[in-house]
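Just so you know, all these numbers are worked out from the coordinates, no wet-lab data involved. Since the structure is predicted, the reported quantities are computational estimates derived from the model, not experimental observations. Virtual Cβ from ideal backbone geometry, glycine too; neighbours counted across all protein chains shown.
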Amino acid sequence: MRLRLVVPLIVVLAASSATAADLTSKMIMALDVNPAAVALWAAGNDPPDGESAFAADARWTAAVQGAQALQAKGKLLQSPGIAREGAWSTFAEIMTQVGAEGEIAARAKDPEKAFEIGGRLYDACNGCHKTYVPRTPGA
Ligand code: HEC
């Protein structure tokens, strides 16, 4: 019984130590970039009604961590085997730099700055998707 609880943990640890080449852009997006961006965007939004001080702290902490993840994943997206031809690395680098600014804003708990940075973050996501992600009609 004890062992059963340990095994999934090992699987999770093994997955998180996978090298860049093991990961596809899709996995990086779904597992890391998207939740990180959502956390940073939440810092620029109005707080939920009646948010407690504890919940506010957690939201800002998540925003700092999200901003850090965006910096790391922006670099990862620029690494050999993942980076693509053209403007790919420019968009990925913008994500890294915006993430660095987002970290400063989230540490300062500055919602206006986080909102402005969140807009530029969205432009980086959207720019790369428009260039590299084929769209199906109606999507
Ligand atoms: C350097 C290019 C690049 C940047 C920057 C980028 N993306 Fe992506 N994203 C992609 C590509 C390529 C795919 C398609 C992956 C596939 O389906 O193979 C994708 C797919 C996604 C998906 C769908 C994942 C899935 O499960 O199918 C989400 C969600 C996503 N991106 C979110 C974001 C967000 C949020 C940002 C900005 C914070 C962002 N992306 C920035 C290249 C990028």
Report summary line: Going residue by residue through region 54-61, the Karplus relation 6.51 cos²θ - 1.76 cosθ + 1.60 with θ = phi - 60° gives ³J(HN,Hα) values, rounded to whole Hz and with x marking Gly or Pro, of 5, 5, 5, 4, 5, 5, 5, 4
Report task. Counting other beta carbons within 10 Å of each Cβ, put Glu51, Glu112, Glu103 in order, fewest first. Result -> Glu112, Glu51, Glu103
